[in-house]
Amino acid sequence: MKQTIRGTKDIFSPEIDLWVYLEHVARTTFTQFNYKEIRTPLLEYTEVFQRAIGESTDVVGKKMYTFNDRGDTSITLRPEFTAGVIRSAIQHDFLNKHLQKLFYFGPIFRYERPQKGRQRQFNQVGVECIGYDSVKSDVEIIVMSDLFLKNIGITTHIFKINTLGSKESRKRFTVELNSFLESKKSELSEDSQRRLTTNPLRILDSKSPQDRLVLSDAPLLSSFLSAEEVSRFESIKETLKLLSIPFEESNHLVRGLDYYSHFVFEITGTKLGSQDSLGGGGRYNNMFEEFGAKPTPCIGVSFGMERLILELEGQSNLLSKPTSVYILVAKQEYYSLALKLQSELISATLCCVYFDLAEKSFKNQMKEANNSEADFVLIIGEDEVANSTISVKNMKTSEQIVVKMEELANYFSKLS
Ligand code: HAM
């Protein structure tokens, strides 16, 4: 039998509980910042990503799942959310609908070399904030990211921040960087030598020790920024300090997607090994124009949900489970009564209510109740049927009481 495709995985109980929890906290937190949910298609025209992300990036150049559909149109499984959200914002004129703050979660596809924390199908949760250029909007994204992580139970993360300045400043810097790196070409790693012609800025955040050595003497982007760009970044840092949000300035951080300018950041965790980036984002003020629309400033962030789950590993205390109730019958003919009780309890309480769906003996039903870690067992026996009562056994304390059948829903609604 075939197994799952390399780099993809099935998610099921008990891990699925963490996913539901994560989605719930994300939805609550982002809604509290007045963000509205958006769901865009998994499939987009390939051109959407080529235009928005940039041909020279690894994501577009090497990692996209692109195919021609039966109508011979080039289609791509989304390798990130941002481009699709902006395509949607332009198509539906979100700015005029006052839909400027959007959040999302769902699957993403990138053809990568799989390892811990790196898959070919993974999930992102994130936000895009459209139409604001203020430092306030930069800082709000960080504040919201910080709170989201704290709300899910992560407290040891750190923000690595940088500014890439405007397109013009970056262009001037790239000329200098290129001539510096060309002069050191033979000392660079093979990967960086290739990038020299495709995307030299990316060499800046290479992890290869060989490259790091060369880069220690490289010109700095910060020396090419205008006074206004520098003061903008200073203002962000000052506000973050004021809010006691831990950050590190990282002047080699450039991000792997081409659309960024000005403020960029990554959020690193502590348990992920080499794939330590929990999330990342930044300002991208040119994407509307790339799509032929009116220039509109934007900023956003996305988190890798698998990585958040890895970071939370072992924290099952975060999850609240409903009270579980197993209905046990002494005779098979009492099942109609069990079904009736199940419906009554489910409509009146938040309990999880279930019984044996095979035809197990009384003893084996008890075994099943134990194996499924039921909190309570309801016993429908001959005496109970004769007296319209139910015996309720608390499986933690082993205490057993008798409750009138018509009072059962009330009894459990107080518990759940
Ligand atoms: P990104 O840095 O490419 O940014 O991805 C964001 C996060 O997705 C990463 O920090 C990581 O946690 C997770 N991630 C990336 N690749 C994988 C993978 N192969 N397996 C598991 N997790 C992965 C973006 O996607 C931008 N769209 C973020 C953004 C939003 N910028 C502005 N708005």
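The values are calculated or read from the model by the stated rules, or taken from the named source; none is laboratory data. Just so we're clear, the structure is a prediction, and the values are computed from it rather than from any experiment. Neighbour counts run over all protein chains shown; Cβ positions are idealised from the backbone, glycine included. Just the protein is used for accessible areas: all its heavy atoms, side chains included, with ligands, DNA and RNA removed. Shrake-Rupley method; radii C 1.70, N 1.55, O 1.52, S 1.80 Å.
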Within segment 60-80, residues in contact (Cβ under 8 Å) with a residue 60 or more places away in the chain, buried (at least 16 other Cβ atoms within 10 Å of the Cβ) and either of a type in the set (G, A, S) or not in a loop (DSSP other than H, G, I, E, B) (or both) come out as none
Note on segment 289-312: residues more than 9 Å from the ligand (Cβ to nearest atom), of a type in the set (A, V, I, L, M, F, W, C) and under 20 Å from P79 (Cβ atoms) are F291
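For (1) open to solvent by 60 Å² or more (accessible area, probe 1.4 Å); (2) under 29 Å from Y45 (Cα atoms), each residue gets a yes or a no:
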| position | (1), (2) |
| --- | --- |
| Q121 | yes, yes |
| L147 | yes, no |
| H157 | no, no |
| R194 | yes, yes |
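Against the definition (touching a residue at least 24 places away in the same chain (Cβ under 8 Å) and either surrounded by fewer than 18 Cβ atoms within 10 Å (Cβ to Cβ) or closer than 22 Å to Q124 by Cβ (or both)), how does L319 come out, yes or no?
Numbers: touching a residue at least 24 places away in the same chain (Cβ under 8 Å): yes; either surrounded by fewer than 18 Cβ atoms within 10 Å (Cβ to Cβ) or closer than 22 Å to Q124 by Cβ (or both): yes.
It is true that L319 is touching a residue at least 24 places away in the same chain (Cβ under 8 Å) and either surrounded by fewer than 18 Cβ atoms within 10 Å (Cβ to Cβ) or closer than 22 Å to Q124 by Cβ (or both).
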Of the residues in segment 204-227, those that are open to solvent by less than 80 Å² (accessible area, probe 1.4 Å) and among the small types (G, A, S) come to S206, S208, A218, S222, S226
- Going by the conditions given, is E187 within 16 Å of the ligand (Cβ to nearest atom), charged (D, E, K, R) and in contact (Cβ under 8 Å) with a residue 24 or more places away in the chain? no
Quick count over segment 102-115, residues being surrounded by fewer than 19 Cβ atoms within 10 Å (Cβ to Cβ), near the ligand (Cβ under 10 Å from one of its atoms) and either in contact (Cβ under 8 Å) with a residue 24 or more places away in the chain or not in a loop (DSSP other than H, G, I, E, B) (or both), is 4
Of those in segment 272-288 that are more than 11 Å from the ligand (Cβ to nearest atom) and open to solvent by 30 Å² or more (accessible area, probe 1.4 Å), the residue modelled with the lowest pLDDT is S274
Scanning segment 116-158 residue by residue, the ones that are closer than 23 Å to N286 by Cα, more than 11 Å from the ligand (Cβ to nearest atom) and touching a residue at least 60 places away in the same chain (Cβ under 8 Å) total 9
Worksheet item: Just wondering, is there one or more residues in segment 91-101 that are touching a strand residue (DSSP E or B) at 6+ places or on another chain (Cβ under 7 Å) and within 12 Å of the ligand (Cβ to nearest atom)?
Response: no
Counted residues in segment 37-58 being crowded, with 16+ Cβ neighbours inside 10 Å and either closer than 19 Å to I299 by Cβ or not hydrophobic (A, V, I, L, M, F, W, C) (or both) come to 11
Result of the Cβ filter at 9 Å on segment 260-281, keeping first residues that are within 17 Å of E313 (Cβ to Cβ) and touching a residue at least 12 places away in the same chain (Cβ under 8 Å) and partners that are among the charged types (D, E, K, R) and open to solvent by less than 10 Å² (accessible area, probe 1.4 Å), at least 6 apart or interchain, is G269/E311; T270/E311; K271/E311; L272/E311; L278/E311
Those residues of segment 239-271 that are crowded, with 22+ Cβ neighbours inside 10 Å and in contact with a His (Cβ under 9 Å, 6 or more places away or on another chain) come to a total of 2
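Residues that are under 21 Å from S166 (Cβ atoms): list the helices (runs of 4 or more DSSP H) wholly contained in segment 186-272 that include at least 1 such residues. Outline the logic, then answer.
On the way: elements: 190-198, 209-215, 227-242.
Filter on segment 186-272 gives 227-242.
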Going through (1) among the small types (G, A, S); (2) under 30 Å from Y132 (Cβ atoms); (3) open to solvent by 70 Å² or more (accessible area, probe 1.4 Å) one by one, S336 fails only at (2)
